[in-house]
Amino acid sequence: MKKKWFAFLSFMLALSLLLVGCNSDRASKSGGNGTRLDIFSWWTGAGEEDGLKALIKLFKEKHPEVKVENAAVAGGAGTNAKAVLASRMQGNDPPATFQVHGGAELNDGWVAAGKMKPLNELYKEEGWNDKFPKELIDLVSKDGNIYSVPVNIHRGNVLWYNKRIFKDNGLKAPKTFAEFFKVADQLKAKGITPLALGDKEPWTATQLFEDVLLGTLGPDDYKKLWTKEVSFDDPKVKEAVKTFKKMLGYINKDHSSRNWQDASQLVGKGEAAMNIMGDWAKGYFVNDLKLKVNKDFGWVTTPGTQHSFMVITDTFGLPKGIKNEDDVMKFLSLLGSVEGQDTFNPLKGSIPARIDADPSKYDAYGRLTMKEFKKARITPSLAHGSAAPEGVVTKVNNAVNIFVTQQNEAQFIDALKTAASELK
Amino acid sequence: MEPKVKSAMQMKIQVRKKKTIVAKDRLFSFLFILPSILAIAIFVYGFIGWTGYVSLSNWNSQIPDFSFAGLKNYVSLFHDFRFQADLRNTAVFMILFIVLVLGMGLMIAVFLDQKIKFENLFRNIFFFPMALSFIVTGVVWQWILNPSTGVNLLMKKVGIEPMWYTSVKVIPGVEWGKIQVGIPIAVIAVVIAAVWQMTGFSVAMYLAGLRAIPDEVREAARMDGATEFQIFRKIIFPLLLPITISVIIIMAHISLKIFDLIYAMTGPGANFVTDVPGVYMFETTFRGNYYASGAAIAIIMLLSVAIFIVPYLLSNRKGES
Amino acid sequence: MVLKSVYRPILYLLLIMLGLIFLMPVYVILTTSLKPIDQITLSQMWQLPSLIDFSSYQMAFSKLAPNFINSLYLVIPATLLSALLGSLNGYVLSKWKFKGSDWLFTAILFGMFIPYQSILIPLIQFLRTIHLYNTIPGLILVHVVYGIPVTTLMFRNFYSSVPYEMIESAKIDGAGIFKIYRHILIPLSISGFVVVGIWQFTNIWNEFLFAVTITTSDQQPVMVALQNLSGSQIVQWNVQMAGALLAALPTLLVYIVLGKFFVKGLLAGSVKG
């Protein structure tokens, strides 16, 4: 009996050590940084994962000698991935190339920390300097050097509306704040929730606020907020806060228990009339809710922002201290090519960052947005880390979360000013 | 051991042999626990020290910065709306949670102690939630207490529809510091889920305590003409006091550390009505890159837990020796 | 103390009511997860499914299966290793006491109560330096180390009940520290190993904070995957509920089969037992 027990224990121990052994094998395979080209992103959702896989497939066809690894990190709409990236960078173990939003997330984050190499040569060789809008290149540049290649463009200032509700009530999609409130009042009188919001994760409310800021200040002053040329106690900001507060009077009651999809769903199913969300919502309407563009739902730019384009762009750069720089360059040049962009974007549901891509590959929304992208002023999104560093965004998110409930304007402005004091 | 008389010589040899064996065994005994001691010294005490060091630094971005910041991170926390709300929520959660777990636990334990039929079945019903993860509990209760889906569909018929964890009301909501002080309705929803999960613990503890009280004690009291209620108040409750204290301390430290349940069930909530230090620490450190601030929150959490645990551990030690 | 018989019906009534309240989440999980998609609407939430449909389990399983395997890889070695260390420590700290050993024990015990947030930042830095960040072995190491206090406590309490005379007489017979451990304590502590094993198994399976901060995507244990699955209505409720049940199944099974040992561990875990 004793012996048996002892033998059993030793066996289990041996087994457990074996399991540990197996595991470290597995881990070292995936974590290795040898000559593998590990492409780090948070593209694990439905369309985006397909897009990334198609891109990798295309790359493998062109460069079969390079070993590619899809090192995508799931969960939390990129927040998990960013935490992993931060930890890998701190440990001097950067991925070969990684997804990063153009703007502050890139420039005040990794470039300022001296972790990125400039890509000016690549842009020159490939002749990209006039293939991307200038304001977009500015967004991925710091002190005259370009640091990453934009792959896709999402628009943040879009107001989605339920076509049937608008038609039944004889309403027109609002273009200005005055029109918005007029429409909202009419809807409210009919007992329809005018504006759907799902701020379980606070960035959705921040995104609504930034669209109000843009609509009130205009693109120039909006951009100056992030360079500290316009202060957050500017009368126009105060006006924007007032408008934002007024808008909050028209939202669904259970907003804090919903995420952005749940809010879009309200519009999709006709339980609310409008929703302000980035154009990834289109993918959700079409793919998940099986709704038709321009038939079930329609869109306009958010009030007062017709000529602006709140841009969220995913870009890839070249970190310092990696062994396979040449392979990364090959990948980046594919990313920036028309072929690469037209492979990825139709699947992801975004539009290409290049202005010379092929419109026929995109749907009605995509084609129109591509057209507007060429003309519109490009402004960086705060909610998605393009306008200001992560730390500022976190603080603004906290402030917005409090404001949505308390609606204390003075306190909100104070909190915004505190957050902005961290801007560089 | 044979009672044979051994020569003096033999005795000496044996004693010496035994001594060296004992000395060797002593050495081995240290070797046995050495890995654990080292691990605890580094992973618990060393790391706490390092976290303390980080909390005094300026490391508030993606890139480490260990320059000395003094108590700046702590000071700004106590001026921070979110952290003040966290303190309120934790206090309210802790009190409600402990009171309910103790009350329900004692009640159920007494019920189960009445020599009832199917005791095992009932016991299992109250115990099984403890085998679950807070994440599972959070996922399920998030749905049950969702104002537009769950239990409200039933409560509608009675005419009450609480907002549960989406409520932003704080009762009575006296302004103090930056926050409204009182009981946030949303916290109650989280407490319900936590109580569902942890009541089994106090039931088990109390039941063990009740079973340890010999029947003679009660019989004797009954013979002296005490009523059942008096027996309870004068005899049973005092005997259960040490158990009550243990449960309070265990539940208090769970409340102070709570993270998974809230993260899975509600997140920080609108206006931070369900936020707690554990969630704030996690988000500010690993999402906002405020490492020094996060470390400061962690140290505050540790100190608050230590207030309960250290005296408890010391008194346990005393009780033993 | 038995209440008078008039009260007994009321007693049963109260117990049954409490029992039903406690079982409500189970009802919700089961009915929801067994419904076909088209019956997942708000108005039907509390109704029984009209026909039983396992598709939500299929879907939840396909999403959680890899993480489920990760959890197994994590839990089995971590449980065994921490039980072994705890047994060694408990043996020394109860039967080979030395000056200051009680203080040492208290110092070890403190590690069981700390909020793990207070060691998380250095822990992640440390794991990265030894290249175990975002690996299951890294997570095993963490659970073994932070499992030491509770396993030590349980085994020490357990071995304390082994009479000193037994050890002494073995010593006089010439048995050394190893022999005593192997031939006296281990055979005596089989139930101790079961209690500690179940306790650690349950705790590590259910743990979330380490799992979510130390691992990502394909290395994540099942609880993190479950959390990622929930909280969005893109994933239907029935799938979420099925996922919750699948993720809870191992610990539930352990509880159902070995419930007595689980409760023992519970009581032993409250320091004194």
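Share of antiparallel DSSP beta bridges in chain A, in percent to the nearest 5?
60 percent
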Heavy-atom accessible surface buried between A and C, both sides counted, 1.4 angstrom probe, nearest 100 Å², is 2700 Å²
Compare C:59, C:17, C:112 in a GNM of chain C, Cα atoms joined below 10 Å, and give the one with the largest fluctuation.
C:17
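Give the percent of DSSP beta bridges with both residues in the protein assembly as shown that are antiparallel, rounded to the nearest 5. Kindly include the intermediate steps, with their values, before the conclusion.
Values: 31 of 47 bridges.
Percentage antiparallel, nearest 5: 65.
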Round to the nearest 10 and give me the degree value, 0 to 90, for the angle of helix A:46-62's Cα axis relative to the longest principal axis of chain A.
50 degrees
Positive-end residue of B:237, B:184, B:204, charge dipole of region B:167-253 with Cβ unit charges:
B:184
Let a ≥ b ≥ c be the square roots of the eigenvalues of the Cα gyration tensor of chain B; is it rounded (a/c under 1.5), or, if not, prolate (a/b larger than b/c) or oblate?
oblate
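Where the only charges are on Cβ atoms (+1 Lys, Arg; -1 Asp, Glu), what is the dipole of the protein assembly as shown about its Cα centre, to the nearest 20 debye? Please list the in-between numbers first.
Values: 101 positive and 77 negative charges, 591 e Å.
So the magnitude is around 2840 debye.
Which order do B:222, B:287 take by accessible area at a 1.4 Å probe, largest first? Don't skip to the answer; put the middle values down first.
Values: B:222 75, B:287 45 Å².
Highest to lowest solvent-accessible surface, that is B:222, B:287.
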Can you compute the charge dipole magnitude of region B:80-320 about its Cα centre, using +1 on each Lys and Arg Cβ and -1 on each Asp and Glu Cβ, nothing else charged? Give it in debye, rounded to the nearest 20.
140 debye
Reach of residue A:245 by Cα under 12 Å, taken over aspartates and glutamates that are not fewer than 8 positions away in the same chain:
A:409
Report, by chain and number, residues whose modeled amide H sits under 5 Å from the one on residue A:258, excluding near sequence neighbours (fewer than 5 apart, same chain).
A:199, A:200
Apply 1/(1 + (r/R0)^6) to the Cβ-Cβ distance of residue B:53 and residue A:422, taking R0 = 22 Å, and write down the FRET efficiency to the nearest 0.05.
0.45
In whole angstrom, note down how far apart the Cα centers of region A:314-336 and region C:60-85 are.
36 Å
Computed over chain C, the convex hull of the Cα set has an average projected area, in nm², of 20.7 nm²
Need the C-alpha centroid separation for region A:32-102 versus region C:106-121, integer Å.
35 Å
Taking H placed 1.01 Å from N in the peptide plane, check which residues at least 5 places from residue A:320 or on another chain put their amide H under 5 Å from its amide H.
A:116, A:117
If you plug each phi of region C:257-264 into the Karplus form 6.51 cos²θ - 1.76 cosθ + 1.60 with θ = phi - 60°, what whole-Hz ³J(HN,Hα) values come out, in order, with x for Gly and Pro?
6, 10, x, 4, 5, 4, 5, 4
Part-to-part distance (alpha-carbon centres) for region B:27-98 and region A:187-213, which is given in Å:
38 Å
Entries of A:395/B:72; A:57/A:124; A:190/A:253 with Cα pairs more than 20 Å apart:
A:57/A:124
Heavy-atom accessible area per residue - region A:245-399, 1.4 Å, Å²
34 Å²
Would you kindly state how much longer the chain becomes between residue B:223 and residue B:156 on full extension, computed as 0.36 nm times their sequence separation minus their alpha carbon distance, in nm to one decimal?
18.9 nm
Scanning chain B for helices, which whole DSSP H stretches are 27 Å or more long along the axis (Cα) and average 1.0 or more by Kyte-Doolittle?
B:81-112, B:185-212, B:237-257, B:291-320
Once amide H atoms are built 1.01 Å from N in the peptide plane, which residues 5 or more positions from residue A:38, or in another chain, come under 5 Å H to H?
A:69, A:96, A:97
About the Cα centre of region C:57-268, how large is the charge dipole given +1 on each Lys and Arg Cβ and -1 on each Asp and Glu Cβ? Please answer in debye to the nearest 20.
240 debye
Please name whichever of C:251, C:208, C:86 sits farthest to the positive end of the charge dipole of region C:57-268, dipole taken about the Cα centre and charges placed at Cβ: Lys and Arg +1, Asp and Glu -1.
C:86
Which entries in the list A:188/A:282; A:62/A:117; A:269/A:290; A:115/A:424 go over 22 Å, if you measure between the two C-alpha atoms of each?
A:188/A:282; A:62/A:117
Relative contact order (percent, whole number), chain B, Cα cutoff 8 Å, 6+ residue spacing
26 percent
Over the Cα atoms of the protein assembly as shown, what Rg and Dmax result, in angstrom?
31.2, 118
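Run the accessible area of the protein assembly as shown with a 1.4 Å probe and give the carbon-and-sulfur part as a rounded percent.
Numbers: 26090 of 41260 Å².
Heavy-atom surface of the protein assembly as shown belonging to carbon and sulfur, 1.4 Å probe: 63 percent.
Which order do peptides A:377-388, A:284-295 fall in by mean Cβ count within 10 Å, highest first?
Details: A:377-388: 25.8, A:284-295: 15.2.
Answer by packing, highest mean first, reads A:377-388, A:284-295.
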A/B buried area, accessible surface, summed, 1.4 Å probe, Å²:
2100 Å²
Go through C:224, C:172, C:145 and say which Cα lies farthest out towards the positive end of the charge dipole of chain C; charges sit on Cβ, +1 for Lys and Arg, -1 for Asp and Glu.
C:172
Which value, in square angstrom to the nearest 100, describes the accessible area buried between chains C and B on both sides, using a 1.4 angstrom probe?
9000 Å²
Mean-square fluctuation check for chain C, GNM, Cα pairs under 10 Å: which of C:99, C:179, C:63 is largest?
C:99
Please calculate how many Å² of accessible area region C:1-102 carries per residue, with a 1.4 Å probe and no DNA, RNA or ligand atoms counted.
48 Å²
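From the helices alone, meaning DSSP H stretches of at least four residues, give me the mean residue ellipticity at 222 nm for the protein assembly as shown, per-run term -39500 (n - 2.57), in deg cm²/dmol to the nearest 500. Please list the in-between numbers first.
Values: 40 runs with 605 residues, N = 1018.
Roughly -19500 deg cm²/dmol at 222 nm, from the helical runs in the protein assembly as shown.
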Comparing A:265, A:341, A:411, which has the greatest mean-square fluctuation in the GNM of chain A with Cα pairs linked when under 10 Å apart?
A:411
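The values are calculated or read from the model by the stated rules, or taken from the named source; none is laboratory data. Remember, predicted model here, so these are calculated numbers, not experimental data. Every residue, glycine as well, gets a Cβ built from its backbone with ideal geometry; the counts of neighbours run over all protein chains shown. For the accessible areas, the whole protein counts, side chains as well, though only heavy atoms, and no ligand, DNA or RNA atoms are used. Shrake-Rupley method; radii C 1.70, N 1.55, O 1.52, S 1.80 Å.
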